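The values are calculated or read from the model by the stated rules, or taken from the named source; none is laboratory data. These numbers come from a predicted model, not from an experiment. Virtual Cβ from ideal backbone geometry, glycine too; neighbours counted across all protein chains shown. Protein only, heavy atoms only, side chains kept; ligands, DNA and RNA dropped before computing areas. Shrake-Rupley method; radii C 1.70, N 1.55, O 1.52, S 1.80 Å.
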Amino acid sequence: MRRSHSFVSGAAAGALAGAALVLALAAPALADGGDGGFTIKDPRIKESSGLAASRIHPGVYWTHNDSDDGPYLYAVDSRTGETVARITMSGVGAPRDVEAISLGPDGDLYVGDIGDNLGGKWDHVWIYKLPEPKVLKDQTVRATQYDVKYSDGPRNAEALMVHPKTGRVYIADKDEDGGHLYEGPAELSAGSTNVFKPAATIDLWVTDGAFSPDGRQLAVRGYFGGIAYAWNGGRIKRQERLNVPLQGQGESITYTPDGSKLMYGSEGADSPVEPEDAPGASGSGSNSSSKEGGSAAGGGGGDGMGGEVKFGAIAVAALFAVVFGFRRLRRR
């Protein structure tokens with residue numbers, strides 16, 4: 001989602017631009033290589049905000065723009081970075097702030113129009129569900145639209161995850177002080193409002209999340225870090241920090257179909273999708289000191305770097321801390 005700039009002074013905006021330049025210069029160039037990483041080359045995709053690995057088209061990843069685009073999904077071939085299909089969703093209204101995409105065990109794509117650029121003012125959001133096309137070509141596919149509300153009131157969210165075994169839908173809200181995991185009903189209903197209820201606390205300012213293919217792990221990411229949780233039947237337990245790569249505006253995350261890697265996406269033109277070993281995978285760069293037990297509600301440091309300290313990310317994180325401090329001062 002686009003970050004709100006209403007609280008940023010001219011000096012802070014200039015500092016942000018400078019930090020973004022430092023970040024871009026610090027990040028290594030990414031070569032196209034499928035699950036080894038690729039660059040989204042379609043000029044229509046300027047705000048890639050969600051990512052989901054296809055289960056029936058090897059090497060294909062589904063993505064979408066954030067807002068100001070339309071009811072479109074893009075199938076990107078990770079071997080070339082090129083779009084191989086644009087899907088137009090019919091049967092839905094005008095998307096407002098599409099933030100996430102996930103695949104369910106039924107083979108359907110679930111699209112989360114769950115963002116709220118007004119900071120939690122909309123009294124309802126939407127989820128769209130459609131079958132993943134068996135043939136990759138530009139086409140229109142009818143989707144089902146579900147109305148969603150939260151039991152404790154409106155909020156901004158950017159992460160939607162469908163459990164690969166139960167098919168239950170979960171949403172993680174986005175809160176700079178730490179997010180919450182919301183559980184949807186056992187089955188979504190198109191004829192009534194679907195109420196999502198808080199199920200756990202997440203120690204992170206969440207921009208996306210994903211379940212592992214076996215459903216035993218939940219990974220969530222923010223701009224500067226991420227956390228892996230053991231699913232534990234929904235009673236999530238914190239496992240370790242994720243080694244999130246340095247990105248200009250880190251937005252999305254998904255597991256590869258075999259669960260061995262996590263793919264991290266970013267917004268912007270020619271945005272990179274970068275791989276890291278999934279927790280527990282062979283060759284994972286995580287060490288024992290980064291693994292933390294306890295419940296999701298316990299322990300701070302959720303938006304940690306994981307692995308080696310990255311100077312560029314620390315600089316940007318410090319800058320955001322200053323900006324958020326400025327916003328809080330204005331709230332008083």
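Hey, can you tell me all the residues within the range 136-153 that are more than 16 Å from Thr83 (Cβ to Cβ) and basic (Lys, Arg)? Correct list: Arg142, Lys149. Residues satisfying the criterion are absent from the range 190-213 (criterion: open to solvent by less than 40 Å² (accessible area, probe 1.4 Å), more than 27 Å from Trp122 (Cα to Cα), assigned to a strand (DSSP E or B) and not aromatic (Phe, Trp, Tyr)). Out of all the residues in the range 234-271, which are open to solvent by 20 Å² or more (accessible area, probe 1.4 Å) and within 14 Å of the chain's Cα centre (by Cα)? Matches in the range 234-271: Gln249, Glu267. Answer yes if at least one residue in the range 287-297 is at pLDDT below 85, open to solvent by less than 60 Å² (accessible area, probe 1.4 Å) and at positive phi, and no otherwise. Looking through the range 287-297, at least one residue is at pLDDT below 85, open to solvent by less than 60 Å² (accessible area, probe 1.4 Å) and at positive phi. Name the residues in the range 32-56 that are in a loop (DSSP other than H, G, I, E, B) and open to solvent by 20 Å² or more (accessible area, probe 1.4 Å), would you? Within the range 32-56, Asp32, Gly33, Lys41, Pro43, Arg44, Lys46, Glu47, Arg55, Ile56 qualify. Checking each residue in the range 134-153 for being in a loop (DSSP other than H, G, I, E, B) and either in contact with a Pro (Cβ under 9 Å, 6 or more places away or on another chain) or modelled with pLDDT of 95 or more (or both) picks out Lys134, Val135, Leu136, Lys137, Asp138, Ala143, Ser151, Asp152. Of all residues in the range 175-189, those satisfying the criterion of being open to solvent by 20 Å² or more (accessible area, probe 1.4 Å), at pLDDT 95 or above and not in a strand (DSSP E or B) are Pro185, Ala186, Glu187, Leu188, Ser189.
Which residue, of Tyr110, Tyr72, is open to solvent by 10 Å² or more (accessible area, probe 1.4 Å), closer than 26 Å to Val206 by Cα and in contact with a His (Cβ under 8 Å, 6 or more places away or on another chain)?
On the way: Tyr110 fails: in contact with a His (Cβ under 8 Å, 6 or more places away or on another chain).
Only one candidate passes the filter, namely Tyr72.
Only residues that are modelled with pLDDT under 95, assigned to a strand (DSSP E or B) and over 16 Å from Leu160 (Cβ atoms): list them for the range 219-265, please. Result: Gly250, single match. Do the conditions hold for Asp123, that is, is it of a type in the set (Asp, Glu) and part of a loop (DSSP other than H, G, I, E, B)? Spelling it out, Asp123 is indeed of a type in the set (Asp, Glu) and part of a loop (DSSP other than H, G, I, E, B). Screening the range 77-107 for residues that are among the aliphatic types (A, V, I, L, M), more than 17 Å from the chain's Cα centre (by Cα) and open to solvent by less than 40 Å² (accessible area, probe 1.4 Å) and picking the one that is farthest from Ile45 (Cα to Cα) gives Val92.
Taken together, the criteria exclude Asp106 from residues that are farther than 19 Å from Ile253 by Cβ, free of Cβ contacts under 8 Å to residues at least 24 places away in the same chain and not in a strand (DSSP E or B).
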